[in-house]
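Participant: Just passing along the structure, written as structure tokens.
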Amino acid sequence: MFEIIAGLLLIIGSLFILIATIGILRMPDIFLRMSATTKAATLGICVVLIGTAMFYQDFGILTRVVIIIMFLGLTAPVAAHMIGRAAYLEGLPLWHKTHIDEMKDEFPRKK
Amino acid sequence: MSFIYVAANISMVLLICSVVLVLIRLFRGPSIEDRIVALDVLSVIGIAIISVYSVLTQTPLLIDIGIMLAILSFIGTVALAYYLHKGLKKNV
């Protein structure tokens, strides 16, 4: 019973990661690409790790999995924020359908 | 052949497909930030591949390598973004 749930969780998490990578390939500008990868890839890796912990049914493995999930959940927004700020200040082009640009008045972009 | 074996093989195939897609973006990416994002996602896929491989070979010790990979990828991404931002400020 636990093996079936673990296998299903592995497949579902891999599908989320695959969707994230299709997003990184198809999205039109870098900010949308980061929005696809940061959320979907983090969710996918969390589901895969929970499936692994459910396969082993061991307390040590569960502790390591919880550590990895907490670390990824804490650091993925920080890394995405730093890359996004650097990309914005460097003046990378926004998508032509982007309407709201709230940082436009505060930080001058390099042209 | 049990169900978990088949499921781990299927998810390994999906993860290798996503590695190929990320590598296309890594080689084609127009700016350096695209490449940093691709490297970040590549390390996340690496953690997933290590986890699935530990299920396939029934080696629980491989999960520790996932912790190391998560920490190293975060430090690498933040360092790259920091130095990019710093060089940018110097140029302006």
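Participant: Going through B:LEU56, B:LEU61, B:LEU42 one at a time, which residue ends up being of a type in the set (A, V, I, L, M, F, W, C), touching a residue at least 12 places away in the same chain (Cβ under 8 Å), over 15 Å from A:PHE16 (Cα atoms) and more than 9 Å from chain A (Cβ to nearest Cβ)?
Facilitator: Criteria check complete, one pass: B:LEU56.
Participant: Now for a different question. Out of everything in region A:43-74 that is modelled with pLDDT of 90 or more and among the polar types (S, T, N, Q), what residue ends up being surrounded by the most Cβ atoms within 10 Å (Cβ to Cβ)?
Facilitator: A:THR52
Participant: Still on this structure, please answer the following. Tell me which residues, restricted to region B:19-34, are more than 10 Å from the chain's Cα centre (by Cα) and either at the interface with chain A (Cβ under 7 Å from one of its Cβ atoms) or surrounded by fewer than 17 Cβ atoms within 10 Å (Cβ to Cβ) (or both).
Facilitator: So in region B:19-34, the residues more than 10 Å from the chain's Cα centre (by Cα) come out as B:20-21, B:23-34.
Correct list: B:VAL20, B:LEU21, B:LEU23, B:ILE24, B:ARG25, B:PHE27, B:ARG28, B:PRO30, B:SER31, B:ILE32, B:GLU33, B:ASP34.
Quick grid of which residues meet (1) aliphatic (A, V, I, L, M); (2) touching a Leu at 6+ places or on another chain (Cβ under 7 Å):
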| site | (1), (2) |
| --- | --- |
| B:CYS17 | no, yes |
| B:ARG28 | no, no |
| B:VAL37 | yes, no |
| B:ILE65 | yes, no |
| B:GLY76 | no, no |
| B:LEU84 | yes, no |
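Participant: Using the structure shown, decide if B:ILE49 is under 26 Å from A:LEU74 (Cα atoms), touching a Leu at 6+ places or on another chain (Cβ under 9 Å), crowded, with 17+ Cβ neighbours inside 10 Å and more than 9 Å from chain A (Cβ to nearest Cβ). Steps first, please.
Facilitator: Numbers: under 26 Å from A:LEU74 (Cα atoms): yes; touching a Leu at 6+ places or on another chain (Cβ under 9 Å): yes; crowded, with 17+ Cβ neighbours inside 10 Å: yes; more than 9 Å from chain A (Cβ to nearest Cβ): yes.
The answer is yes for B:ILE49.
Participant: Still on this structure, I have one more. B:LEU15: of a type in the set (A, V, I, L, M), more than 7 Å from chain A (Cβ to nearest Cβ) and under 15 Å from the mean Cα position of the chain (by Cα), yes or no?
Facilitator: Here the answer is no, as B:LEU15 does not meet what is asked.
Participant: Mind counting the residues in region A:33-68 that are assigned to a helix (DSSP H, G or I) and more than 12 Å from the chain's Cα centre (by Cα)?
Facilitator: Summing the residues that are assigned to a helix (DSSP H, G or I) and more than 12 Å from the chain's Cα centre (by Cα) in region A:33-68 gives 20.
Participant: Another question, then. In region A:75-89, what residues are surrounded by 21 or more Cβ atoms within 10 Å (Cβ to Cβ) and either facing chain B (nearest Cβ under 7 Å) or not in a helix (DSSP H, G or I) (or both)?
Facilitator: Result: A:ALA79, A:ILE83, A:ALA86, A:ALA87.
Participant: Looking at region A:39-66, which of its residues are hydroxyl-bearing (Ser, Thr, Tyr) and within 9 Å of chain B (Cβ to nearest Cβ)?
Facilitator: A:THR42, A:THR52, A:TYR56
Participant: Could you tell me how many of the residues in region B:7-38 are free of Cβ contacts under 8 Å to residues at least 40 places away in the same chain and farther than 14 Å from A:GLY51 by Cβ?
Facilitator: Within region B:7-38, residues that are free of Cβ contacts under 8 Å to residues at least 40 places away in the same chain and farther than 14 Å from A:GLY51 by Cβ number 21.
Participant: Residue check, B:SER54 against (1) surrounded by fewer than 17 Cβ atoms within 10 Å (Cβ to Cβ); (2) in contact with a Pro (Cβ under 8 Å, 6 or more places away or on another chain), all met but one. Which one?
Facilitator: Just one mismatch for B:SER54, condition (1).
The values are calculated or read from the model by the stated rules, or taken from the named source; none is laboratory data. The structure displayed is predicted, hence computed values, not measured ones. For neighbour counting, all protein chains shown are included, and Cβ atoms are generated from backbone atoms with ideal geometry for every residue, glycine included.
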